[in-house]
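What follows is a single structure, written as structure tokens, with notes after it.
The values are calculated or read from the model by the stated rules, or taken from the named source; none is laboratory data. In this text the structure is predicted, and so the values were computed from the model without any measurement. FYI the Cβ positions are ideal-geometry reconstructions off the backbone, even for glycines, and counts take in every protein chain you see.
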Ligand SMILES: [Zn+2]
């Protein structure tokens, strides 16, 4: 078996390729340094090699597992992003989110022998979340690999660092996405949701213009929309503990369950496309098409 497609002149890629080649890839690793894109790219390449079923070259880029991973559609390769919790203005990995991730980690893989769970921007765990994560690391499920991404391993507690292997892409490039004011992301997401609520197709396109103007907004805004729709669904099912945000209440009042489910699916598809490094502008256009169809169904 041979490891394929890794840049062996790069220290981190070289080390990862060696670990994969040994057949004893650590259960939990941190990839730090470089840019967010580089970290996510290397994590996906690693994930592909871990699920690939080829006997001679991994990743072969041809088997079902490689293809699905490249399309962001492999059920056992999951990339998580920080999200906004009810009582918090900022994106984060809160304890509850880590517990959801833990529950998923203990479910056996669907299609591959291994499940790969990537946590992008893992530096956005607070201490409580990190301690919850530590519990998973203490007794990790045999079939699950964790890849944590962050600008610097120094964000983690020593107790976590003692249980993971760190691969470094060198000095961290500025993490631009972390510097966007949350308000801008929320405003952009809310404009799209309002256009959907009002069934104004032209407004969807106009609201999406904010993403073409500043494409760093797009991915986090999709995350915010996902939260709004899932909150609205919980309102519909009377399953919300606590109060819904005004925009989620409006969405629940004006959109059908079917439309909300469709929109949630659409966002999942769009995020997967972006994770697979799909073209940003095409994905923005695709969002408009999918969303229009969802509210007209
Ligand atoms: Zn393959």
Worksheet item: In this structure, is residue 67 in a helix (DSSP H, G or I), within 15 Å of the ligand (Cβ to nearest atom) and under 19 Å from the mean Cα position of the chain (by Cα)?
Response: yes
Worksheet item: Exactly one of (1) free of Cβ contacts under 8 Å to residues at least 60 places away in the same chain; (2) surrounded by 21 or more Cβ atoms within 10 Å (Cβ to Cβ) is unmet by residue 224. Its number?
Response: (1)
Discussion item. When you check residue 111 against the structure, is it within 15 Å of the ligand (Cβ to nearest atom) and surrounded by fewer than 15 Cβ atoms within 10 Å (Cβ to Cβ), yes or no?
Written reply: yes
Practice prompt. Residues being in contact (Cβ under 8 Å) with a residue 24 or more places away in the chain and not in a helix (DSSP H, G or I): count how many of those fall in segment 271-283.
Written response: 3
Practice prompt. Looking only at segment 203-211, decide whether some residue is surrounded by 20 or more Cβ atoms within 10 Å (Cβ to Cβ), in the same structural domain as residue 262 (by TED's automatic domain parsing) and within 21 Å of the chain's Cα centre (by Cα).
Written response: yes
Worksheet item: Right, residue 78: surrounded by 20 or more Cβ atoms within 10 Å (Cβ to Cβ) and more than 16 Å from the ligand (Cβ to nearest atom) or not?
Response: no
Item to complete: Under 6 Å between Cβ atoms, at least 6 apart or on separate chains: pull out the pairs that start in segment 54-74 with a residue that is within 20 Å of residue 265 (Cα to Cα) and end on any residue that is within 8 Å of the ligand (Cβ to nearest atom).
Response: 69/48
Item to complete: Just give me the residues in segment 42-56 being within 8 Å of the ligand (Cβ to nearest atom) and either at pLDDT below 95 or assigned to a loop (DSSP other than H, G, I, E, B) (or both), in sequence order.
Response: 52, 53, 54
Discussion item. Looking at residue 243 and the list (1) loosely packed, with under 13 Cβ neighbours inside 10 Å; (2) part of a helix (DSSP H, G or I), which single condition is not satisfied?
Written reply: (2)
Response to the item:
Every listed condition ((1) outside any strand (DSSP E or B); (2) in contact with a helix residue (DSSP H, G or I) (Cβ under 7 Å, 6 or more places away or on another chain)) holds for residue 32 save (1)
Worksheet entry | Which numbered condition residue 108 fails, given (1) in contact (Cβ under 8 Å) with a residue 24 or more places away in the chain; (2) in contact with a strand residue (DSSP E or B) (Cβ under 9 Å, 6 or more places away or on another chain); (3) assigned to a helix (DSSP H, G or I) | (3)
Practice prompt. Name the strands (runs of 3 or more DSSP E) wholly inside segment 115-201 in which the number of residues that are within 17 Å of residue 219 (Cα to Cα) is 1 or more.
Written response: 115-119, 144-150
Worksheet item: Taking only pairs six or more apart or across chains, which ones have beta-carbon atoms under 7 Å, a first residue in segment 242-270 that is touching a residue at least 12 places away in the same chain (Cβ under 8 Å), and a second residue that is buried (at least 16 other Cβ atoms within 10 Å of the Cβ) and not in a helix (DSSP H, G or I)?
Response: 252/244
